[in-house]
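Take a look at the structure below.
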Amino acid sequence: MTTANQTPLIELRDIYKIYHMGDTEVHASDGVSLKIYKGEFVAIVGQSGSGKSTLMNIIGCLDVPTTGQYYLNGEDVSELTDDEQAEIRNKTLGFIFQQYNLIPKLTVQENVELSLLYAGMPAEERAERVRYQIDRVGLKGKYKNLPSQLSGGQQQRVSIARALAGDPSVILADEPTGALDSRTSREVLDFLQKLNDEGNTIVLITHDNGIAQEAKRVVRVADGKIIFDGPAREAFPRGD
């Protein structure tokens, strides 16, 4: 998938994120360097406190590193202002969260449409794109439903449609099956694999080895450092 002269879609260079808690200095990221290329399906896996959420926040332009560089699509975004980060998130990144983060009073269509509205997309193009993505995740005919009228799996599908609506370069999925039963989790993971097969770049954040095995590449973190980076089959040789 990658070539020697291909520019990484995501590149972290010697990333440190340091917090001060009283007299204690906590290295949530401790010199992390990582490259992710277009079309990859990568799981960043680690236990609570390992640093995986810090990496997600930096990759997702939700936070900036204390030191180090972060390149997204070849652009150094490591020292962006809050407004610049918001613009990058809206145009380049699609987020899927564990708790869906849907607005209860908005319909399915309105929830999916919201980011496109903020981006200033013309109404006709907006409506066409929103309907396409809702249909794509298997919710055709649910446009006017409220989140409370949907199952947990359907609500997560709405959040996937919302993530896809802006045609992002990267889809960041943060524990996307954490609130779902096993059958619905399987459906969501199958859909993420389908999106990857269609060429979408997926970065999956999880503490669950079973979920991480669904990716093609695994990056395991502990104590703010990467301790493994390679194919999923090598990360879990016995299906652990």
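The values are calculated or read from the model by the stated rules, or taken from the named source; none is laboratory data. Given the structure is predicted, the values throughout are model-derived calculations rather than measurements. A quick note on method: Cβ atoms are made from the backbone with ideal geometry, for glycine too, and the neighbour counts reach across all protein chains shown. These area figures cover heavy atoms from the full protein model, side chains too; ligands, DNA and RNA do not enter into them. Shrake-Rupley method; radii C 1.70, N 1.55, O 1.52, S 1.80 Å.
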**Message:** For the list (1) out of contact with any Gly (no Cβ under 8 Å at 6 or more places or on another chain); (2) surrounded by fewer than 19 Cβ atoms within 10 Å (Cβ to Cβ); (3) under 23 Å from Thr92 (Cβ atoms), I need the number of the one condition that Ala119 fails.
**Reply:** (1)
**Fill in**
Reported set for region 139-163 where residues are over 11 Å from the mean Cα position of the chain (by Cα) and open to solvent by less than 30 Å² (accessible area, probe 1.4 Å) is Leu139, Pro147, Leu150, Gly152, Gly153, Gln156, Val158, Ser159, Ala161
**Message:** If I ask for residues that are open to solvent by 40 Å² or more (accessible area, probe 1.4 Å), in a loop (DSSP other than H, G, I, E, B) and touching a strand residue (DSSP E or B) at 6+ places or on another chain (Cβ under 6 Å), which ones from region 53-67 would you list?
**Reply:** Thr66
**Request:** Using the structure shown, decide if Glu175 is touching a His at 6+ places or on another chain (Cβ under 8 Å) and modelled with pLDDT of 90 or more.
**Result:** yes
**Message:** Going by what's in this entry, would Asp181 be described as open to solvent by 60 Å² or more (accessible area, probe 1.4 Å), at pLDDT below 95 and of a type in the set (Asp, Glu)?
**Reply:** yes
**Item:** Of all residues making up region 7-28, the number that are closer than 18 Å to Leu204 by Cβ and part of a strand (DSSP E or B)
**Value:** 2
**Message:** Every residue in region 129-186 that is among the aliphatic types (A, V, I, L, M) and either at positive phi or part of a helix (DSSP H, G or I) (or both), please.
**Reply:** Val130, Ile134, Val158, Ile160, Ala161, Ala163, Leu164, Ala165
**Prompt:** From the set of residues in region 84-99 that are in a helix (DSSP H, G or I) and either open to solvent by less than 10 Å² (accessible area, probe 1.4 Å) or not small (Gly, Ala, Ser) (or both), which is nearest to Val112 (Cα to Cα)?
**Reply:** Asn90
**Prompt:** Is it the case that Tyr100 is farther than 14 Å from Leu172 by Cα and aromatic (Phe, Trp, Tyr)?
**Reply:** no
**Message:** Can you pull out every residue in region 142-157 that is out of contact with any Leu (no Cβ under 9 Å at 6 or more places or on another chain) and of a type in the set (D, E, K, R)?
**Reply:** Lys144
**Message:** What's the number of the only condition in (1) more than 20 Å from Val45 (Cβ to Cβ); (2) at pLDDT 90 or above; (3) touching a Lys or Arg at 6+ places or on another chain (Cβ under 7 Å) that Pro168 fails to meet?
**Reply:** (3)
**Prompt:** Could you list, in sequence order, the residues of region 184-233 that are among the β-branched types (Val, Ile, Thr) and open to solvent by 20 Å² or more (accessible area, probe 1.4 Å)?
**Reply:** Ile211, Ile226, Ile227
**Asked** Yes or no: Leu102 assigned to a strand (DSSP E or B), in contact with a helix residue (DSSP H, G or I) (Cβ under 8 Å, 6 or more places away or on another chain) and touching a residue at least 40 places away in the same chain (Cβ under 8 Å)?
**Response** no
**Prompt:** Can Glu11 be described as of a type outside the set (A, V, I, L, M, F, W, C) and at pLDDT below 90?
**Reply:** no
**Message:** It is to be established whether one or more residues within region 68-83 are closer than 18 Å to Ala215 by Cβ, at pLDDT below 90, among the β-branched types (Val, Ile, Thr) and open to solvent by 20 Å² or more (accessible area, probe 1.4 Å).
**Reply:** no
**Prompt:** Is it the case that Tyr132 is without any contact (Cβ under 8 Å) to a residue 24 or more places away in the chain, out of contact with any Leu (no Cβ under 6 Å at 6 or more places or on another chain) and open to solvent by 30 Å² or more (accessible area, probe 1.4 Å)?
**Reply:** yes
